[in-house]
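Colleague: The structure follows.
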Amino acid sequence: MMDYSRAICRTLHEDHMATVRVLEKLETALIKVGRKSPPAPQDPDLSRLLRDVAAVMQSEITGHFAFEEDHLFPLVEEMGETGMLAILRDEHATIRPLAQRITETIRASHANGFTPDEWAGFYDLGLELAERETFHIQKEEMGFLPLLDQILEPEDDGALSITFAETR
Amino acid sequence: MGAQSRLIPYHLPLRFFVAAALFHVAAWLLLTVGHADIAGYAGGPGIVLASLHALTLGALAMTAMGAAYQLLNVATGITTGLAMGRFDVASISSWLYIPGTVLLVAGMADGNNTAMLLGGGLVVSGLIAFAVIIGNIFYRTVALKATMRHGWAALVCMVFLAVAGLVLIVDFELGFLGTSALPERADLAFSHAILGGFGFMGLLVLGFSYILIPMFALSPAPNERQSGLSLSLILCGLALAVPAALAGNKLALLLAAAIGLAGVAVHLMIMRKVLREGMKKRLGMSFVMVRSGWIALPLSIGIGGLAAVAPETFNLPPLFIFILIFGWLLTFLTGILQRILPFLTSMHAHKLGQRAPRLSEMGDQGITLKMHAVCHGGALLLVSAGIVGDVDALILIGGLTGSLGAAAFLWFTIGVGKLVVGFYAKDKRAQHP
């Protein structure tokens with residue numbers, strides 16, 4: 001990981017930090033509550049955390065992933081870097097349904113909380129999402145963003161930053 | 001080149017990692033068998049020497065070779081695929097090094113000089129092939145300066161280490177050390193241990209830490225000036241310690257330990273900063289091992305310094321070797337290896353377009369790695385207490401506990417290895433139904 005010179009790389013890095021931070025909180029909360037029995041209904045701290053998770057993951061798959069796939073991957077692909085992009089695209093395809101499911105489950109739990117079975121499913125889903133998303137971010141931070149930072153021209157950087165802001 | 005296209009053939013690092021896991025078990029078992037000779041060990045062939053080299057050459061350097069081939073390829077984009085005619089030099093290094101280590105360790109256990117000499121020759125040849133490959137990468141890369149500087153210094157230490165090792169083997173037969181101007185055998189053996197533990201292996205491990213720890217913690221790259229200061233101090237310590245050990249100069253050894261400790265303190269402060277600034281705070285079982293290794297590192301230098309001035313007290317020389325090899329290097333490397341193996345396996349799955357299992361589901365980690373950590377920690381405490389108190393029974397129980405932990409780690413390694421082999425078998429079936 002490095003200090004990025006391009007604004008779009010810094011913005012994506014900040015996005016990564018926010019995502020890892022909220023997923024770390026989710027992991028901690030899930031392990032604290034345990035898989036066997038659901039948390040107390042209307043726990044204010046957990047409710048707030050779950051709302052944050054839903055918001056961050058929705059933004060991740062609709063804004064962040066889509067922007068990378070539509071605007072950034074093609075730039076890197078032009079350099080012949082197809083191998084790295086195949087991995088990143090494959091991971092997006094794996095994470096998207098997980099993020100969608102967790103967002104829907106959190107929304108459904110607002111009204112009635114979790115039954116023990118629903119909680120067990122949510123527990124497994126949350127830990128899987130946290131692990132896969134973090135592993136994905138590790139790869140983007142180590143390989144993709146440093147490369148993007150090298151190849152982007154300043155004028156493209158500005159235009160991409162505006163486009164990313166508009167997609168969110 | 002992208003990270004995926006930088007993946008080397010899976011069987012190359014895997015053969016080193018599986019061999020390392022097998023030698024890891026063998027080292028603890030040999031320690032268990034030789035438990036009655038550990039506390040008072042003062043050199044010479046036999047089970048204790050075999051255990052020590054099963055661990056240093058068989059587990060530690062073996063892991064470093066497999067990891068270096070893959071990680072340097074990914075981190076620098078420079079291929080490890082040097083060819084010699086039809087043969088890949090990395091493969092040649094494995095054909096020389098792995099059977100060479102088996103032969104050397106068996107020769108040491110049996111006191112067979114011919115086997116030791118032949119095994120030692122093969123091991124050194126394998127290490128030369130390794131040095132050619134990674135030296136080529138160090139020479140061609142301009143990035144990762146901290147890792148490259150440590151790597152060069154490690155290779156220089158490796159040359160002296162190999163020469164000292166071969167001289168010690170020949171001396172078993174001819175007994176020329178200690179005559180005329182040559183150093184005493186015990187002094188050369190002590191400098192060999194310093195060159196191996198702190199020089200070759202120690203510097204490789206510290207150097208790779210500057211890539212791996214920030215990668216796992218999602219942290220900014222460490223400050224190069226600080227890593228340069230740490231390396232300079234450690235090299236000063238080594239440059240003083242090796243001749244001091246050869247000359248049997250206790251005061252110089254104590255000074256070298258103090259300088260080495262200062263260098264390690266700077267390194268550990270850098271690592272602490274990396275973890276503090278890292279995005280990822282929950283780092284799991286692997287970092288319990290990594291942190292435990294970091295505790296054992298300065299401890300080993302401190303005990304080494306004391307062993308130089310008061311060798312008769314509390315069996316300090318064998319305690320120093322045990323904490324250095326089993327405490328610092330083995331603990332740290334098993335911590336790192338339990339992250340690298342699933343990481344690489346997942347990359348290979350994606351390369352083949354197959355769904356990768358979750359990293360934490362690979363190799364029955366819930367059982368294997370927890371069992372390894374508990375047994376490894378218990379074994380370190382038991383054997384250390386046994387050495388200090390001269391209680392062979394504690395060393396025996398510690399050895400058995402360590403063997404159980406090593407077996408659990410072998411189970412993990414084979415479990416993850418089977419996954420990657422399975423991915424390629426599935427891919428082959430899909431291509432040739």
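Colleague: Condition test on B:K250, is it within 13 Å of another protein chain (Cβ to nearest Cβ) and more than 20 Å from the chain's Cα centre (by Cα)? Walk me through how you get there before you give the answer.
Modeller: Values: within 13 Å of another protein chain (Cβ to nearest Cβ): no; more than 20 Å from the chain's Cα centre (by Cα): yes.
For B:K250, the condition - within 13 Å of another protein chain (Cβ to nearest Cβ) and more than 20 Å from the chain's Cα centre (by Cα) - is not met.
Colleague: Got a sec? Which of A:G126, A:G143 is in contact with a Gly (Cβ under 9 Å, 6 or more places away or on another chain) and within 14 Å of chain B (Cβ to nearest Cβ)? Walk me through it before giving the result.
Modeller: Values: A:G126 fails: in contact with a Gly (Cβ under 9 Å, 6 or more places away or on another chain).
Only one candidate passes the filter, namely A:G143.
Colleague: Okay, next question. Check B:V290, B:V274, B:V264, B:V242 and return the single one that is within 14 Å of chain A (Cβ to nearest Cβ), touching a residue at least 12 places away in the same chain (Cβ under 8 Å), surrounded by 16 or more Cβ atoms within 10 Å (Cβ to Cβ) and assigned to a helix (DSSP H, G or I).
Modeller: Numbers: B:V290 fails: within 14 Å of chain A (Cβ to nearest Cβ); B:V264 fails: within 14 Å of chain A (Cβ to nearest Cβ); B:V242 fails: within 14 Å of chain A (Cβ to nearest Cβ).
So the residue among B:V290, B:V274, B:V264, B:V242 that is within 14 Å of chain A (Cβ to nearest Cβ), touching a residue at least 12 places away in the same chain (Cβ under 8 Å), surrounded by 16 or more Cβ atoms within 10 Å (Cβ to Cβ) and assigned to a helix (DSSP H, G or I) is B:V274.
Colleague: Only one of B:V383, B:V374 is within 26 Å of B:S209 (Cβ to Cβ), of a type in the set (A, V, I, L, M) and surrounded by fewer than 24 Cβ atoms within 10 Å (Cβ to Cβ). Can you tell me which? Step through it out loud before you land on a result.
Modeller: Numbers: B:V383 fails: surrounded by fewer than 24 Cβ atoms within 10 Å (Cβ to Cβ).
Just one listed residue meets the conditions, B:V374.
Colleague: What number of residues within segment B:312-333 satisfy the criterion of being closer than 17 Å to B:V205 by Cα and not hydrophobic (A, V, I, L, M, F, W, C)?
Modeller: Adding up the residues that qualify gives 2.
Colleague: Output the residues belonging to segment B:293-342 that are of a type in the set (F, W, Y) and surrounded by 20 or more Cβ atoms within 10 Å (Cβ to Cβ). Steps first, please.
Modeller: The first filter runs over segment B:293-342 and keeps only residues of a type in the set (F, W, Y), leaving B:294, B:314, B:320, B:322, B:326, B:328, B:332.
Result: B:W294, B:F320, B:F322, B:F326, B:W328, B:F332.
Colleague: Where residues in segment A:26-68 are crowded, with 20+ Cβ neighbours inside 10 Å and within 13 Å of another protein chain (Cβ to nearest Cβ), which of them is farthest from A:D124 (Cα to Cα)?
Modeller: Ranking the qualifying residues of segment A:26-68, first place goes to A:L26.
Colleague: Quick check on B:I194: is it β-branched (V, I, T), within 24 Å of B:L319 (Cβ to Cβ) and surrounded by fewer than 23 Cβ atoms within 10 Å (Cβ to Cβ)?
Modeller: Working: β-branched (V, I, T): yes; within 24 Å of B:L319 (Cβ to Cβ): yes; surrounded by fewer than 23 Cβ atoms within 10 Å (Cβ to Cβ): no.
So B:I194 does not fit the description; no.
Colleague: Give segment A:83-111 a look and list any residue that's surrounded by fewer than 14 Cβ atoms within 10 Å (Cβ to Cβ) and facing another protein chain (nearest Cβ under 9 Å), or say none. Reasoning before the result, please.
Modeller: Filtering segment A:83-111 down to residues surrounded by fewer than 14 Cβ atoms within 10 Å (Cβ to Cβ) leaves A:93, A:97, A:104, A:107-108, A:110-111.
Correct list: empty.
Colleague: Scan A:E141, A:E81, A:E91 and give me the residue that is over 18 Å from the mean Cα position of the chain (by Cα) and either of a type in the set (S, T, Y) or at pLDDT below 90 (or both). Before the answer, list the steps.
Modeller: Values: A:E141 fails: over 18 Å from the mean Cα position of the chain (by Cα); A:E91 fails: over 18 Å from the mean Cα position of the chain (by Cα).
Answer to the check: A:E81.
Colleague: May I pose another question? Which members of segment B:355-384 meet the condition of being without any contact (Cβ under 8 Å) to a residue 12 or more places away in the chain and either basic (K, R) or more than 30 Å from A:A130 (Cα to Cα) (or both)?
Modeller: Scanning segment B:355-384 gives B:R355, B:R358.
Colleague: For segment A:94-116: of the residues being of a type in the set (D, E, K, R) and more than 21 Å from A:F67 (Cβ to Cβ), which is modelled with the lowest pLDDT?
Modeller: Residues of segment A:94-116 of a type in the set (D, E, K, R): A:96, A:101, A:104, A:107.
Keeping just the survivors that are more than 21 Å from A:F67 (Cβ to Cβ) gives A:101, A:104, A:107.
Numbers: A:R101: 93, A:E104: 90, A:R107: 87.
Once the filter is applied, the top-ranked residue is A:R107.
Colleague: Let me ask another. Scan (1) more than 10 Å from every other protein chain (Cβ to nearest Cβ); (2) surrounded by 15 or more Cβ atoms within 10 Å (Cβ to Cβ); (3) touching a residue at least 60 places away in the same chain (Cβ under 8 Å); (4) out of contact with any Gly (no Cβ under 9 Å at 6 or more places or on another chain) for the single condition A:T19 breaks and write down its number.
Modeller: (1)
Colleague: Among the residues of segment B:218-239, is any within 14 Å of another protein chain (Cβ to nearest Cβ) and buried (at least 21 other Cβ atoms within 10 Å of the Cβ)? Steps first, answer last, please.
Modeller: If we filter segment B:218-239 for residues that are within 14 Å of another protein chain (Cβ to nearest Cβ), which is where we start, we get B:218-224.
Now drop any that are not buried (at least 21 other Cβ atoms within 10 Å of the Cβ), which leaves B:218, B:222.
Yes: one or more hits.
A quick yes/no check of all residues on (1) more than 28 Å from B:A186 (Cα to Cα); (2) modelled with pLDDT of 95 or more; (3) among the hydroxyl-bearing types (S, T, Y); (4) in contact with a His (Cβ under 6 Å, 6 or more places away or on another chain):
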| site | (1), (2), (3), (4) |
| --- | --- |
| B:M285 | yes, no, no, no |
| B:S300 | no, yes, yes, no |
| B:L381 | no, yes, no, no |
| B:A385 | no, yes, no, no |
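Colleague: Tell me the residue from A:L160, A:L148, A:L129 that is within 24 Å of A:L46 (Cβ to Cβ) and part of a helix (DSSP H, G or I), please. Steps first, please.
Modeller: Details: A:L160 fails: within 24 Å of A:L46 (Cβ to Cβ); A:L148 fails: within 24 Å of A:L46 (Cβ to Cβ).
Among A:L160, A:L148, A:L129, only A:L129 is within 24 Å of A:L46 (Cβ to Cβ) and part of a helix (DSSP H, G or I).
Colleague: Starting from residues that are in a helix (DSSP H, G or I) and among the basic types (K, R), keep the ones in segment B:351-385 and report whichever is farthest from the chain's Cα centre (by Cα). Please lay out each step first, then the result.
Modeller: Within segment B:351-385, the first condition is being in a helix (DSSP H, G or I), and the residues that meet it are B:351, B:359-385.
Now restrict to residues that are among the basic types (K, R): B:351, B:370.
Working: B:K351: 29, B:K370: 21 Å.
Selected residue: B:K351.
Colleague: Checking B:T79 against (1) among the polar types (S, T, N, Q); (2) in contact with a Gly (Cβ under 6 Å, 6 or more places away or on another chain); (3) surrounded by fewer than 21 Cβ atoms within 10 Å (Cβ to Cβ), which test does it fail?
Modeller: Of everything listed in (1) among the polar types (S, T, N, Q); (2) in contact with a Gly (Cβ under 6 Å, 6 or more places away or on another chain); (3) surrounded by fewer than 21 Cβ atoms within 10 Å (Cβ to Cβ), B:T79 misses just condition (2).
Colleague: Does segment B:324-342 contain at least one residue that is within 14 Å of another protein chain (Cβ to nearest Cβ), outside any helix (DSSP H, G or I), touching a residue at least 40 places away in the same chain (Cβ under 8 Å) and of a type in the set (D, E, K, R)?
Modeller: Scanning segment B:324-342, I find no residue that is within 14 Å of another protein chain (Cβ to nearest Cβ), outside any helix (DSSP H, G or I), touching a residue at least 40 places away in the same chain (Cβ under 8 Å) and of a type in the set (D, E, K, R), so the answer is no.
Colleague: Right, A:V76: in contact (Cβ under 8 Å) with a residue 60 or more places away in the chain, of a type outside the set (D, E) and within 14 Å of chain B (Cβ to nearest Cβ) or not? So that I can check it myself, show each step before the final result.
Modeller: On the way: in contact (Cβ under 8 Å) with a residue 60 or more places away in the chain: yes; of a type outside the set (D, E): yes; within 14 Å of chain B (Cβ to nearest Cβ): yes.
Here the answer is yes, as A:V76 does meet what is asked.
Colleague: How about segment B:343-384: which of its residues are touching a Pro at 6+ places or on another chain (Cβ under 6 Å) and either among the charged types (D, E, K, R) or more than 9 Å from every other protein chain (Cβ to nearest Cβ) (or both)?
Modeller: Taking segment B:343-384 first, the residues touching a Pro at 6+ places or on another chain (Cβ under 6 Å) are B:359, B:362.
Of everything in segment B:343-384, just one residue is touching a Pro at 6+ places or on another chain (Cβ under 6 Å) and either among the charged types (D, E, K, R) or more than 9 Å from every other protein chain (Cβ to nearest Cβ) (or both), namely B:M362.
Colleague: Test of understanding: among A:L148, A:L46, which residue is in contact (Cβ under 8 Å) with a residue 24 or more places away in the chain and out of contact with any strand residue (DSSP E or B) (no Cβ under 7 Å at 6 or more places or on another chain)? So that I can check it myself, show each step before the final result.
Modeller: Values: A:L46 fails: in contact (Cβ under 8 Å) with a residue 24 or more places away in the chain.
Just a single option satisfies the conditions, and that option is A:L148.
The values are calculated or read from the model by the stated rules, or taken from the named source; none is laboratory data. Just so it is clear, the structure is predicted and the values come from calculations on it, not from any experiment. A quick note on method: Cβ atoms are made from the backbone with ideal geometry, for glycine too, and the neighbour counts reach across all protein chains shown.
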